[in-house]
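Have a look at the structure below before the remarks.
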Ligand code: ZN
């Protein structure tokens, strides 16, 4: 593994051992990392600063999120954050998922010291100290908000 790979993949900028373990576990065993053929919304997001790429796919069910999945590659922070996102918002109401995404972004961008109860997502709090990596952590969440805000008219309804 060369130096660039260590920086991109092996380096997890979190001091707390437990939190680092949670992040690496999601990175090595990502949840919901698969295609979602019947997706209602798909958003491709990338973070050129780090080389992270994420395709986020959603199945909606009225006011709820029935299923979420992602595909992609990139650093441990970006991929772990996407995995945690899928686990957190599956089955949530759309409005609650939006609120969670806003709280998560506020936590990382420093505008809120206390994000409330966000479960395992708290593990990513330490990324706040590394501004360059904040984009890695928020990539999937920005994609989620974009997907939820997509106008219905833009949805692709291809029945083939
Ligand atoms: Zn990254």
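The numbers here are math on the coordinates, done by the rules we state, and not lab data. Since the model is a prediction, treat every value here as computed from it, not as a measurement. Ideal geometry is used to build each Cβ from the backbone, glycine not excepted, and the neighbour counts take in all protein chains shown.
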Quiz item: Could you give the length gained on full extension between residue 66 and residue 87, defined as 0.36 nm per residue of separation minus the Cα-Cα distance, in nm?
Solution: 6.4 nm
Quiz prompt | Helix axis angle, 131-149 relative to the chain longest principal axis, alpha carbon, degrees | solution = 10
Quiz item: How large is the helix-only mean residue ellipticity at 222 nm for the chain, computed as the sum of -39500 (n - 2.57) over DSSP H runs with n ≥ 4, divided by its residue count, in deg cm²/dmol to the nearest 500?
Solution: -12500 deg cm²/dmol
Exercise. With springs connecting C-alpha atoms under 10 Å apart, model the chain as a Gaussian network and identify which of 143, 106, 69 has the largest mean-square fluctuation.
Key: 106
Practice problem: Given the options 132, 89, 68, state which has the largest fluctuation in a GNM of the chain using a 10 Å cut-off (strictly under) for Cα springs. | Solution: 132
Quiz item: Once you sort the root eigenvalues of the Cα gyration tensor of the chain as a ≥ b ≥ c, which label holds: rounded (a/c under 1.5), prolate (a/b larger than b/c) or oblate (the other case)?
Solution: prolate
Quiz item: How high is the FRET efficiency from residue 109 to residue 38, r the C-beta distance, R0 22 Å, rounded to 0.05?
Solution: 0.05
Quiz item: What residue among 124, 49, 139 has the largest mean-square fluctuation in a Gaussian network model of the chain, using Cα springs under 10 Å?
Solution: 49
